Amino acid sequence: MDVLKPQSKEKMPAIVYVTGGGFINANKDSYMQQRMDLAEQGYVVASIEYRVGATNGVAKFDVGENLNESSDVQAAVDLYGLSDLTQVGADYSAEVQAKHMSPGASEALWVNGSGVFGGKDGGIMADLEAVKAANPMTYISSKTPPFLFFHGSKDTSVSPSQTELVHQALLAKGMPSTRYVVPNAPHGGYYWVQPAVMDKIIEFFNSTLK
């Protein structure tokens, strides 16, 4: 992990920052400006190589050291993330949807592995049990923390309905959830470090963690 820690003798809440990577890579060096904005507001920010934010209370994910400490997340911000891997292209053309159903789609390779190396051949629908285990939607419960969602209206990589699905599922269970659609914003890019977005993120963390 890469850690940004403000100079202070006081204990500060920690934000675990998970960069995107299309299931292929996770460059924890990404979005330094966004991480610095958070650190400057009194948070320890740790950019890591992937950890799920919706699995509070699911013991099978707690492995390794320090098992006497709780790994429960107290709040989560989701920038244009996934909720159902079978519907990543749901908002796009039939041609794009077909590509997401192909064996070469990144979400299919992530879930199934490569057939050459012992994985299961086929697209994302080849192993629905594995898909269920990978979907954040599966783990929503009364222990799920408050969520803040953002999605760009011009996202051409992940259908904006992906964050809407999990947002509505949280609301249906009476869990705190807020979702914003940023007009004309794509998947990633400079829109996501603008003050209008960062102010909402910092406000959310201040209200849930401080």
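Checking the cross-link filter: which aspartates and glutamates have an alpha carbon closer than 13 Å to that of Lys143, excluding same-chain neighbours under 8 positions apart?
List returned: Asp72.
Relative contact order, percent, of the chain when contacts are C-alpha pairs under 8 Å separated by at least 6 residues? Intermediate values should be presented prior to the final figure.
Details: 335 pairs, mean separation 43.3, N = 210.
Answer for the chain is 21 percent.
Out of all DSSP beta bridges in the chain, what portion is antiparallel? Express it as a percent rounded to 5.
Close to 15 percent.
Within 10 Å of each candidate Cβ there may be at most 14 other Cβ atoms; applying that plus a DSSP loop requirement, which trypsin sites (Lys or Arg not before Pro) in segment 1-57 survive?
For trypsin sites (Lys or Arg not before Pro) across segment 1-57 that sit outside H, G, I, E and B with at most 14 neighbouring Cβ atoms in 10 Å, the list reads Lys9, Lys11, Arg51.
Calculate, for Leu128 and Ser153, the FRET efficiency according to 1/(1 + (r/R0)^6) with r their C-beta to C-beta distance and R0 25 Å; round to the nearest 0.05.
Values: r = 30 Å, r/R0 = 1.21.
Computed FRET efficiency for Leu128 and Ser153 comes out at 0.25.
Distance between Cα centroids, segment 84-112 to segment 2-59: provide it in whole Å.
28 Å
Show me the trypsin sites (Lys or Arg not before Pro) within segment 84-170 that DSSP assigns to loop and that have at most 15 other Cβ atoms within 10 Å of their Cβ.
Numbers: sites: Lys99, Lys120, Lys132, Lys143, Lys154; in loops: Lys120, Lys143, Lys154.
Those that pass, being in a loop and sparsely packed, are Lys120, Lys143, Lys154.
Checking the table Lys132/Lys210; Lys5/Lys28; Lys99/Lys120 against a 22 Å threshold on Cα-Cα, which pairs fail? Intermediate values should be presented prior to the final figure.
Numbers: Lys132/Lys210 34 Å; Lys5/Lys28 16 Å; Lys99/Lys120 18 Å.
Correct reply: Lys132/Lys210.
The numbers here are math on the coordinates, done by the rules we state, and not lab data. None of the values given here were measured: they were computed from a predicted structure. Counting neighbours? That spans all protein chains shown, and the Cβs are built from the backbone with ideal geometry, glycine included.
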